[in-house]
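Read-outs throughout are calculated quantities, based only on the coordinates presented, and are distinct from any laboratory measurement. Only a predicted model underlies this, so the values are computations on that prediction, with no experimental measurement involved. When we count neighbours, we look across all protein chains shown, and the Cβ atoms used for this are built from the backbone with ideal geometry, even at glycine.
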Amino acid sequence: MKKKLLFCLMLVVIVTGGVFAQERAPNTFLGGINVGFLTFGLDIEYERAFPGLLPGLFAVAVETGYTTIIIFPIYNIDVRARWYPWAETFFADVGVGYGSFLGVATAFQISPGVGWRIDVGEPNGLVVVPSLQLDYFVASSVSDFSGNLLKICIRFGYSF
């Protein structure tokens, strides 16, 4: 009797999960802080999801940010290809863009990262996105600005 009851309960959970499942909203706007060794900054990001394009979930994000190293500013903007392999919370991404040190020296930027997208309460509303990102700056022919910047980011946002 207990086995039949447990089986029925599991069947009910599986069926109701499929009936009440919500599709993820395609747009997310995020903003938050980033910290690292002797660094602190702010980032904003817009993400657009494209379901069905790849296994899992594929998204494109545009990010701009400001980070200070002690007192020296770095500005950056990049476009990120983001992949949620199980179409859930974990993601891996890589970005390419442009960085500027003190508003004078410029560099090409490559930035891989990993993170988690966590819905707060109901899906498709408030989200928290903690992530780890490595910004690698490659010097342009004009300037000597190059190097790595490891950032721990915590962003808050809204999906719509």
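Evaluation of Gly103 against the conditions (1) under 16 Å from Tyr66 (Cα atoms); (2) surrounded by 14 or more Cβ atoms within 10 Å (Cβ to Cβ) shows that the sole unmet condition is (2).
Considering only the stretch 25-54, how many residues are among the β-branched types (Val, Ile, Thr) and buried (at least 19 other Cβ atoms within 10 Å of the Cβ)?
Residues in the stretch 25-54 being among the β-branched types (Val, Ile, Thr) and buried (at least 19 other Cβ atoms within 10 Å of the Cβ): 1 in total.
From the list Ala81, Ala87, the lone residue that is under 18 Å from the mean Cα position of the chain (by Cα), farther than 17 Å from Arg155 by Cα and not in a strand (DSSP E or B) is Ala87.
Only one residue in Gly95, Gly103 is under 27 Å from Asn148 (Cα atoms), touching a residue at least 24 places away in the same chain (Cβ under 8 Å) and not in a strand (DSSP E or B). Which one? Spell out how you get there, then give the answer.
Numbers: Gly95 fails: not in a strand (DSSP E or B).
From the options Gly95, Gly103, the qualifying one is Gly103.
Of all residues in the stretch 55-78, those satisfying the criterion of being farther than 16 Å from Asn148 by Cβ and either surrounded by 14 or more Cβ atoms within 10 Å (Cβ to Cβ) or within 14 Å of the chain's Cα centre (by Cα) (or both) are Gly56, Leu57, Phe58, Ala59, Val60, Ala61, Val62, Glu63, Thr64, Tyr66, Tyr75, Ile77.
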